[in-house]
Amino acid sequence: MLTARQGDRVQVHYVKRFQDGSTASSRSRGAGPLEVTIGTEHRRLPGLGLGLVGLTPGNHVTLTVPAELAHGRFNPARVRRLARTRFPEGQTLPVGKWLRILDRRGRRRLVRIVEVHDQVVVVDTNHPRAGEVLQLEVELVAIEAPGAISELRAP
């Protein structure tokens, strides 16, 4: 029987459960399994890391991922004051709304509007799910790597 180990390329199905009760799943999009390399972080499955080591195809694992390994802790230093001129003139900026702006390097960044004043807009640049614990339910579908080991078990 093949057993997954660090460095193996594997296929997984997953369900991410967030603290607000919402979920995201690899099956909900109708797509096939997601390919990951065991021991490396994946942007869709933060905190997975080595959680699949020792599993065989068909096995499931549920992992609780602390905020710092998921989308990071909430960082008050990432709440910033920007000049109102950084936003298009006349654009409505409702408090709580998420929108994309250009940073100083010309990259698009997602920010949440915290406060709006005549000259200044206070924005939160933390990840929308910063500070949240994440629960991952992962099913190992297949091991693709030739490096997977085969274990013989006595009956």
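The values are calculated or read from the model by the stated rules, or taken from the named source; none is laboratory data. It should be emphasised that the depicted structure is a prediction, and the values quoted were computed from it without experimental measurement. In this analysis, Cβ positions are derived from the backbone assuming ideal geometry, glycine residues included, and neighbour counts consider all displayed protein chains.
Of the residues that make up segment 13-31, is at least one modelled with pLDDT of 90 or more, farther than 20 Å from VAL133 by Cβ and part of a strand (DSSP E or B)?
yes
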- Message: Out of the residues in segment 76-110 meeting the condition of being touching a Ser or Thr at 6+ places or on another chain (Cβ under 9 Å) and touching a residue at least 24 places away in the same chain (Cβ under 8 Å), tell me which one is nearest to LEU48 (Cα to Cα).
- Response: ARG78
- Message: So in segment 113-144, with the set limited to residues that are part of a loop (DSSP other than H, G, I, E, B) and of a type in the set (Gly, Ala, Ser), which one is nearest to the chain's Cα centre (by Cα)?
- Response: ALA130
- Task: Restricting attention to segment 1-12, report how many residues are under 14 Å from LEU48 (Cβ atoms) and assigned to a strand (DSSP E or B).
- Result: 4
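Given the structure, is THR56 touching a residue at least 60 places away in the same chain (Cβ under 8 Å) and loosely packed, with under 13 Cβ neighbours inside 10 Å?
For THR56, the condition - touching a residue at least 60 places away in the same chain (Cβ under 8 Å) and loosely packed, with under 13 Cβ neighbours inside 10 Å - is not met.
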- Lone qualifier among ARG43, ARG100 - being of a type in the set (D, E, K, R), touching a strand residue (DSSP E or B) at 6+ places or on another chain (Cβ under 7 Å) and at pLDDT below 95: ARG100
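Specify the residue that is nearest to the chain's Cα centre (by Cα); the eligible residues are those in segment 75-90 that are over 14 Å from HIS117 (Cα atoms) and surrounded by 12 or more Cβ atoms within 10 Å (Cβ to Cβ).
Filtering segment 75-90 for residues over 14 Å from HIS117 (Cα atoms) gives 75-79, 88.
Now restrict to residues that are surrounded by 12 or more Cβ atoms within 10 Å (Cβ to Cβ): 75, 78-79.
Details: ASN75: 17, ARG78: 18, VAL79: 21 Å.
Taking the candidates together, the pick is ASN75.
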- Message: It is to be established whether one or more residues within segment 22-32 are without any contact (Cβ under 8 Å) to a residue 12 or more places away in the chain and under 14 Å from VAL141 (Cα atoms).
- Response: yes
- Item | Of all residues making up segment 32-53, the number that are in a loop (DSSP other than H, G, I, E, B), surrounded by fewer than 17 Cβ atoms within 10 Å (Cβ to Cβ) and not small (Gly, Ala, Ser) | 8
- Top-ranked residue of segment 27-74 - restricted to ones that are under 13 Å from the mean Cα position of the chain (by Cα) and of a type in the set (Gly, Ala, Ser), ranked as nearest to ARG5 (Cα to Cα): GLY49
